[in-house]
2 protein chains.
Amino acid sequence: MSTETPDPPGARASERPDGPSRRARGRATMKDVARLAGVGIKTVSRVVNREPGVSTAMSARVDAAVRELGYRPDAGASALRRADGRSSAIGVVVDDVANPFSGAVLRAVEEVAIGHGTVVLAGSADEDGPREREVAQAFTDRRVDGLIVAPTGQADDHLADELRRGLPVVLVDRDAPGLPVDQVLSTNELGAAAAVTHLTDAGHRRVAYLGDLSTISTARRRFDGYRQALIDVGLGVDDRLVVADLHGEASAEGAAVHLLQLPPEQRPTALFCAQNRITVGAVRALRSLGLAHDVAMVGFDDFPLADLLSPGVTVVAQDPGLIGTEAARALFARIDGSRRPPRTVWVPTTLVRRGSGEIRPPQGR
Amino acid sequence: MSTETPDPPGARASERPDGPSRRARGRATMKDVARLAGVGIKTVSRVVNREPGVSTAMSARVDAAVRELGYRPDAGASALRRADGRSSAIGVVVDDVANPFSGAVLRAVEEVAIGHGTVVLAGSADEDGPREREVAQAFTDRRVDGLIVAPTGQADDHLADELRRGLPVVLVDRDAPGLPVDQVLSTNELGAAAAVTHLTDAGHRRVAYLGDLSTISTARRRFDGYRQALIDVGLGVDDRLVVADLHGEASAEGAAVHLLQLPPEQRPTALFCAQNRITVGAVRALRSLGLAHDVAMVGFDDFPLADLLSPGVTVVAQDPGLIGTEAARALFARIDGSRRPPRTVWVPTTLVRRGSGEIRPPQGR
DNA sequence: CTGAAAGCGCTAACAA
DNA sequence: TTGTTAGCGCTTTCAG
């Protein structure tokens, strides 16, 4: 300590010619690089950003200094000053990052984002409107360049606010009718109708509906598809066979057990499960009642190992990877300045026959 | 256009007294709030950050202006100037956000992060060392306060660099021996040994090992547990029954088929699958050969629906949620300044008996 | 082709 | 209690 020459009064550490500034948490700054290379700070900026018009000699000196100091530009400071203000970060708000559907969407978004030199902030809304807003707000507070949201359906106003401010937003999986926003959606209604038609084609006349929270737009669309398909073949909706507002496997299992214990004349011969957790709950119910090979079932949304159960579970598969990819593409188009009118991209669903959906109704009914 | 009074030369839009600056991409700034409230900018800063020593009258005026303008602070600009430089963002690099294990870790981290007012940058390394480094670097370029990483095992040097610079880092799932870093790990060796012992206790003497890339530290640990358990009961490792460096379901299925088609005297009577995708591949192999009820199997790491297969798949379950929670806690302790020596938290595994692991070896052998 | 000065939105240090 | 000034690390503007 005492052996070192004290700084002259007024000299701040960051301006000592003999050592780099270390204010930036152990990181070298552009100023440090400039000093080491013996050039102006703007030249460093040019080299780092690969702007044209720098002599190769300068360029080489700067690059050497960059390497020596392990310099990395501060993306935040850069965004602050930059004319377009871009942070090269986007936010993704899904239902639950731990859910395989959401995870696949997130992963696909990540791939596209990487190609744009952009990082992904990820958050879970958990079917909770206020949480959706808080997560999205935490992201916009960090000045993300855009937002991809699977809306809960309970907090569409904050999305409207962000759109009004000009923030690029793309909705995935669930729609928000009335908002002027790009959306990437599965063909929920068509897919549900295909599932139900598949069952009625096999002769089923009592097809039950098991669906989740009707605040969720996909739940409503899938129910619409179910109803329309029944009407189209001359069957109406029997309200006793409809259970909505389920949440999670356990409640679905309970509801399915209840339906399967109705008197024989009312009992459904087939189940349409409008969401993957509900499908799994229904599988458990069928197992526990020993009916897995007797009552038909088609689920909406595929899940791992559906083919390894017995019977295999017939599903209307979505394509979460494609949903994520399309959403990210649409978002970056907006970020890059596109002023097209908002557009909805429909991602098709596919009926995957595995056995459970091909079970015929009991003879003579 | 022509009806508006043109700005006097030299007057910049941001300094017009009659309108808020809109440079910040449609957002009001602190300056705008200050002007509207008729106070100094520092007072706004105090109110926004809930610093003490502001009169209630001022506070109310500022709050009103904040609401009227829809003002939200710029977290990036704040971090830039703030003494501690905190961005209130952390980065999480897992193998693949679409994988259920990683998703559960990520979700648990998110919960803890929310409690600290912190957002999560998420990225997938995809068993690729260079990609791991790039993703982590993209995060540190945004000045994250810390990093949670499931290391590929191929790029430990960049982690060492970050640690040296003083960036808080916590490793999850996989260890990096020799690095002075907090780690949160499953008891891989113990768990694998428990799985194998469970099989040998049932009388199996030829237990095969199916494992993934041995660059991954968990694969090595699990193999060690397998070997030790065999040695402990007086059985050695039969190299013909060991297949490592598998990647993905398909290669695991192929390897299992090969093992199960060995001549009867060499054929394994039980399989130990060291990773969940490998377990699923092995299930497919057993199914296709009609041996699912004849050859025993225990998998490492649980997966959804394992209990619904027949037989149910016996596994050594990990607790990814707890791993994520502990990792986040450890990280925030570091971020909050803890200087404890690096510590490893061991998260226990649990043997879950479901049927496949309780199959006995053929009589008389 | 290069660099000095200004300032992005905010907070720290200091003054009033 | 309140406001003013400087400056975080960077890019923009503009002068050499």
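Rule-based calculations on the coordinates, nothing more; no lab input. Values in this document were obtained by computation on a predicted structure and should not be read as measured data. All Cβ positions, even for glycine, are placed from backbone atoms using ideal geometry, and neighbour counts span all protein chains on display.
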Exercise. Copy-to-copy spacing for A:Lys31, label 7 Å out on the Cα-to-C-beta vector, in nm, shortest first?
Worked result: 2.1
Seminar exercise, completed: The lysines whose Cα lies under 24 Å from the Cα of B:Lys31, excluding any fewer than 8 residues away in the same chain, are B:Lys42
For this session: For A:Pro342, place a label point 7 Å out from Cα along the Cα→Cβ vector, do the same in each other copy, and report the separations in nm, one decimal, smallest first.
Result: 4.9
Seminar exercise, completed: The relative contact order of chain B, taking Cα pairs under 8 Å that sit 6 or more residues apart, comes to a percentage of 15
Seminar exercise, completed: In terms of the alpha carbon gyration tensor, root eigenvalues a ≥ b ≥ c, rounded if a/c is under 1.5 and otherwise prolate when a/b exceeds b/c or oblate, chain A is prolate
Exercise. Using modelled backbone amide H atoms (1.01 Å from N, in-plane), which distant-in-sequence or interchain residues come within less than 5 Å of A:Tyr209's amide H?
Worked result: A:Val242, A:Val243, A:Phe272
For this session: Name the residue, out of B:Ser45, B:Ser310, B:Ser338, whose mean-square fluctuation peaks in a Gaussian network model built on chain B with Cα pairs under 10 Å.
Result: B:Ser45
Exercise. Amide H to amide H, which residues 5 or more places from B:Val345 or on other chains are under 5 Å from it, using H placed in the peptide plane?
Worked result: B:Gln183, B:Val184, B:Leu185
Problem set entry | Exam field: B:Val237 pseudo-label spacings to other copies (7 Å along Cα-Cβ), nanometres | 6.1
Problem set entry | Once exposed loop GluC sites (Glu not before Pro) are cut out (DSSP; at most 14 other Cβ, 10 Å), longest piece of chain B | B:5-264
Seminar exercise, completed: The long-range amide H neighbours of A:Leu351, using H built 1.01 Å from N in the peptide plane and a cut-off of under 5 Å, are A:Ala317
For this session: Report the residue, chosen from B:Arg46, B:Arg240, B:Arg354, that carries the largest GNM mean-square fluctuation when chain B is represented by alpha-carbon nodes joined by springs under 10 Å.
Result: B:Arg46
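How would the protein assembly as shown be classified by its alpha-carbon gyration tensor: rounded, prolate or oblate, with rounded meaning a/c under 1.5 and the a/b versus b/c comparison settling the rest?
oblate
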Seminar exercise, completed: Most exposed first, judged by fewest Cβ atoms within 10 angstrom, B:Ile359, A:Ile114, B:Ile148, A:Ile231 run A:Ile231, A:Ile114, B:Ile359, B:Ile148
Exercise. Suppose every K and R has +1 on its Cβ and every D and E has -1 on its Cβ; what is the size of the dipole of chain A about the Cα centre, in Debye to the nearest 20?
Worked result: 1200
Exercise. Can you give the helix-only mean residue ellipticity at 222 nm for the protein assembly as shown, where every DSSP H stretch with n ≥ 4 adds -39500 (n - 2.57) and the sum goes over all residues, rounded to the nearest 500 deg cm²/dmol?
Worked result: -12500 deg cm²/dmol
Seminar exercise, completed: Of the residues B:Val280, B:Ile323, B:His204, the Cα lying farthest along the dipole of chain B towards its positive end, which is defined by charges on the beta carbon of Lys, Arg, Asp and Glu, belongs to B:Ile323
Seminar exercise, completed: Within 10 Å of the Cβ of an average residue in B:310-321, the count of other chain Cβ atoms is 1
Exercise. For region A:338-348, what does the Karplus curve 6.51 cos²θ - 1.76 cosθ + 1.60, with θ = phi - 60°, yield as ³J(HN,Hα) per residue in whole Hz, taken in order and with x for Gly and Pro?
Worked result: 4, 10, 3, x, x, 9, 10, 9, 9, 9, x
Exercise. Using the Karplus equation 6.51 cos²θ - 1.76 cosθ + 1.60 (θ = phi - 60°), what ³J(HN,Hα) coupling, rounded to whole Hz, does each residue of region B:28-39 give in order, writing x for Gly and Pro?
Worked result: 6, 10, 4, 4, 4, 4, 4, 4, 4, 7, x, 10
For this session: Choose one answer from A:Leu305, A:Leu159, A:Leu271: the residue with the largest mean-square fluctuation in a GNM of chain A with alpha-carbon springs under 10 Å.
Result: A:Leu305
